[in-house]
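Here is the structure we will look at.
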Amino acid sequence: MSEGPRALDLLIRAERVVVGGREEPRAIGVRDGVIAVLLPFGTGSLAAEEITIGADAVVLPGLVDTHVHICEPGNTAWEGFSSATAAAAAGGITTLVDMPIDSVPATVDPDAFAAKRQATEGQLHVDVGFWGGVTPSSLGSMGALLDAGVVGFKCFLIDSGAEDFPPLDDRSLELALAVTARTGVPLMVHAEDLAGVPALQPSRRYADWLATRPPATEDRAVRRVVEATRRTGGRAHIAHLSSATALPALAAARAEGVAVTAETCPHYLLLSAEEIGDGDTAAKCGPPVRGAANRTALWEGLAAGVLGSVVSDHSPCLPEMKSLGTGDFSTAWAGISSLQVALPAAWTAARARGFRLTDLVRWMAEAPAELAGLAAKGRIAVGADADLCVVAPEETFVVGRLLHRHPVCPYVGMELFGVVRATMLRGHWVDADGPPLGKLLRRSAA
């Protein structure tokens, strides 16, 4: 019953565990909320409590979602920490990194960051970190925000839709990247360039919305980010890439050694423009879901490693802001709420294309944890937090009850693979109706 000087608190045996890039039988020993030892599946009794997971389920590291808009304080009616983190846990996500926009005030200075942290008290069902916002007037606050605990930064190259979060021009972008060159933290960039593109007029046609965001709007912006990163020696990360035609520029830059990475989202990998009906404003997001051929090319970018991570970009709002009654794309909020089903949505699409759960872990746990500098997250390894997700990959469900604040989601009614059976946070099973167990995170590695 002993393992080293002290017994384990918990031993989890499973025939299928994703560890070290492989799926294999393992026993995971947990002590004080940390993975203390990894043992062969058949190891004898070593712990105060033991659990065996059936062969129809797989134990993954808890997923890490580094692109989530929680909106509290200020717009808590859109989404709040309690509802968002409960939804995350229900979807196998144990770590969120909150976006600096859509809350009031925006997280662009230490005072706003303090208000954000205070708003989390007693509400977190999973662990949460924060991006700091960069606007032309807040460039001087980047150092103070890092000292206060943000994991990195986020900026826009277009009008964000929020008056307190204006975009950066090329000069400001370079100044922000120069800070990342000194500190090693990433600057996440909403990379669209809408120069010369007319605004959308009232319309129920999805094709009209798509026409106002052609691939060139992303491609131009990505090239601007690459050039600025090359000039400054900084570190950039392209948010929610939807245009596959931007991939060659990213691949070439990375081959040169330019420190630029990129993410995409489950909705770009599962949905296609051909499948979005007119008036279906629940599926409106920016940049938009593009055609099926583009979707295939995004998968090729993931397979090649040009795209490194898959994150939800959970972007909630009040239901009336989605113009569901009129189906008018010109007035609908451009964001998809899907935090709870990010894993099954991505897995359903990945499974159909021959990818494995080991790939999903790389994209949705390991790479996001590395981006945010969260060394204890995103992997099943000795010394890592005992954050686990138990998922039945071949079991299906129809998307219905959702725990985020407003259940407006383009996946509602869809049948998806990947039922999340349980989620563990630092050695404790998460219960959305139980006491909140989450804590605030700081960057642990630059």
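Readers should treat all values here as calculations from the given coordinates under stated rules, not as data from a laboratory. What you are looking at is a predicted structure, and each value in this text was computed from that prediction instead of being measured. Note: ideal-geometry Cβ built from the backbone for every residue, glycine included; neighbour counts use all protein chains shown.
A Förster radius of 35 Å, combined with the Cβ-Cβ distance separating Thr326 from Phe397, puts the computed FRET efficiency at roughly 0.70. Across the options Ile53, Gly33, Gly21, the greatest Cα extent toward the positive end of the charge dipole of the stretch 8-55 (unit charges at beta carbon of Lys, Arg, Asp, Glu) belongs to Gly21. For the pair Glu274 and Ala293, the difference between a 0.36 nm per residue extended length and the Cα-Cα distance amounts to 5.8 nm.
Legend: ranking of residues Ile35, Ile276, Ile158 from fewest to most surrounding C-beta atoms inside 10 Å; resulting order Ile158, Ile276, Ile35.
Loop-located trypsin sites (Lys or Arg not before Pro) in the stretch 195-296 (DSSP state not H, G, I, E or B) with no more than 15 neighbouring Cβ atoms inside 10 Å: Arg205. Beta bridges from DSSP with both residues in the chain: antiparallel share about 45 percent, rounded to the nearest 5. Amide H contacts for Phe156 (H built 1.01 Å from N in the peptide plane; partners 5 or more residues away or on another chain; cut-off under 5 Å): Leu168, His190.
The angle separating the long axis of helix 247-256 from the principal Cα axis of greatest extent in the chain is about 70 degrees. Taking every DSSP beta bridge that has both residues in the stretch 8-55, what percent is antiparallel when rounded to the nearest 5? Taking every DSSP beta bridge within the stretch 8-55, about 70 percent pair in antiparallel fashion.
Relative to the longest principal axis of the Cα atoms of the chain, the long axis of helix 110-119 makes an angle of roughly 50 degrees.
Annotation: amide H of Glu395 within the under-5 Å range of Gly418, Val419, sequence separation 5 or more or interchain, hydrogens built in the peptide plane.
With 0.36 nm allotted per residue and the present C-alpha distance subtracted, the Val197-Thr52 stretch has 46.5 nm of extension available. If you split all Cα-Cα distances of the chain into 10 Å bins from zero, what percentages do you get per bin, shortest first? Spelled out bin by bin, the chain gives 5, 22, 33, 27, 11, 3, 0, 0 percent.
Here the Kirkwood formula, the inverse mean of 1/r across different C-alpha pairs, assigns the stretch 8-55 a hydrodynamic radius of 10.6 Å.
Between Ala352 and Arg205, the simple label model (points 7 Å from Cα in the Cβ direction) yields a spacing of 2.6 nm. Helical runs (DSSP H, four residues minimum) scored at -39500 (n - 2.57) apiece and divided by the length of the chain put the mean residue ellipticity at 222 nm at -7500 deg cm²/dmol.
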